[in-house]
1. So which helices (runs of 4 or more DSSP H) stay within the stretch 1-103 end to end and still have 3 or more residues that are at pLDDT 70 or above?
2. ASP65 versus (1) of a type in the set (Asp, Glu); (2) surrounded by 12 or more Cβ atoms within 10 Å (Cβ to Cβ); (3) in contact (Cβ under 8 Å) with a residue 24 or more places away in the chain: which is the lone unmet condition?
3. Give the stretch 68-88 a look and list any residue that's touching a helix residue (DSSP H, G or I) at 6+ places or on another chain (Cβ under 8 Å) and without any contact (Cβ under 8 Å) to a residue 40 or more places away in the chain, or say none.
4. Scan the stretch 85-123 residue by residue and report those that are aromatic (Phe, Trp, Tyr) and either under 13 Å from the mean Cα position of the chain (by Cα) or closer than 30 Å to GLU72 by Cβ (or both).
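The values are calculated or read from the model by the stated rules, or taken from the named source; none is laboratory data. Fair warning: this is a prediction, and the values are worked out from it, not measured in the lab. Note: ideal-geometry Cβ built from the backbone for every residue, glycine included; neighbour counts use all protein chains shown.
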Amino acid sequence: MVRFDPCPCRSGRLARATAKAWPAYGSAPEPTTPASIRPTSSCLSAEGLAESFEADIAATSEGGDKLRLVAERDGLVAGWLTAHLEHPAANAAYQLVRELGWIRLIVDALMVDQALWRQGTGTALLTAAES
């Protein structure tokens, strides 16, 4: 089990490190890459990627319902998680689906460096997000 403390993704260093690791996440073997996800090499270039992450973090980090966690191991990005809170629907009382009346955590992305799979990184990120 990897021991680390997931931390909020705020630092420029973390955005740069995540951008550097990004291409590896899109090159996972087919069974782990759904057909609906384009390989990162076909949709993003490394140029400007860190700046794009920084702009997104800055735009949504102040008092919002978005969450970004980064796990580091030996100073390198081991994985990250992005999520957001979904509040009860205005018409929840009239819906058949009970969960529409709940505050829900929606995980938008969970990525772990393939070399670190099965070592607890993803579990730790999800646990931190849920707490």
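1. Where helices (runs of 4 or more DSSP H) fall fully within the stretch 1-103 and carry at least 3 residues being at pLDDT 70 or above, they are 49-60.
2. If we test ASP65 against (1) of a type in the set (Asp, Glu); (2) surrounded by 12 or more Cβ atoms within 10 Å (Cβ to Cβ); (3) in contact (Cβ under 8 Å) with a residue 24 or more places away in the chain, just (3) comes out false.
3. PRO88
4. TRP117, the sole residue that qualifies.
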